[in-house]
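The values are calculated or read from the model by the stated rules, or taken from the named source; none is laboratory data. The shown structure was predicted, so the numbers you read here are calculated from the model rather than taken from an experiment. Every residue, glycine among them, receives a Cβ derived from its backbone with ideal geometry; neighbour counts consider all protein chains shown. Note: areas computed on protein heavy atoms with side chains; ligands, DNA, RNA excluded. Shrake-Rupley method; radii C 1.70, N 1.55, O 1.52, S 1.80 Å.
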Amino acid sequence: MTSPDAQRVIARDGGMEVHGYAVASGGGRIYVVWEVASGRRRQRSFNAESVFVPGTTLPWAGVPIPVGQLSGPYRIRR
């Protein structure tokens with residue numbers, strides 16, 4: 001998956017739910033980038049099983065990030 005193909009996703013881990021963009025994948029992990037209310041960007045890899053494409057029952061409610069700002073050398077960190 002390359003950055004121009006970034007997909008809006010929802011990632012869940014424990015009690016945390018992240019609404020962001022999948023920008024890379026590999027080894028059963030998906031790298032997600034999201035923006036918080038302060039304007040800072042966060043990034044983290046999640047198990048692929050915990051990342052979902054939003055839909056009508058689970059709508060995406062993240063902060064929009066322009067596709068051009070999602071590019072970068074993202075690597076899956078273990």
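Brief remarks on what is shown
- Amide proton proximity set for residue 65, modelled H, under 5 Å, gap of 5+: none
- A 1.4 Å probe run over the protein chains yields, for segment 7-69, 56 Å² of accessible area per residue, whole-number rounding.
- Here segment 7-69 exposes an accessible surface that is 52 percent carbon and sulfur, computed with a 1.4 Å probe and the other protein chains kept in place.
- Net length gained if the chain between residue 41 and residue 17 were fully extended (0.36 nm per residue, minus Cα distance): 7.1 nm
- Cα gyration tensor, segment 7-69 - rounded (a/c under 1.5), prolate or oblate: rounded
- Of the peptides 31-38, 8-15, 64-71, the ranking by mean beta-carbon count within 10 Å, highest at the top, reads 31-38, 8-15, 64-71.
- Taking amide H as placed 1.01 Å from N in the peptide plane, the amide H of residue 7 sits under 5 Å from that of 22, each at least 5 places away or on another chain.
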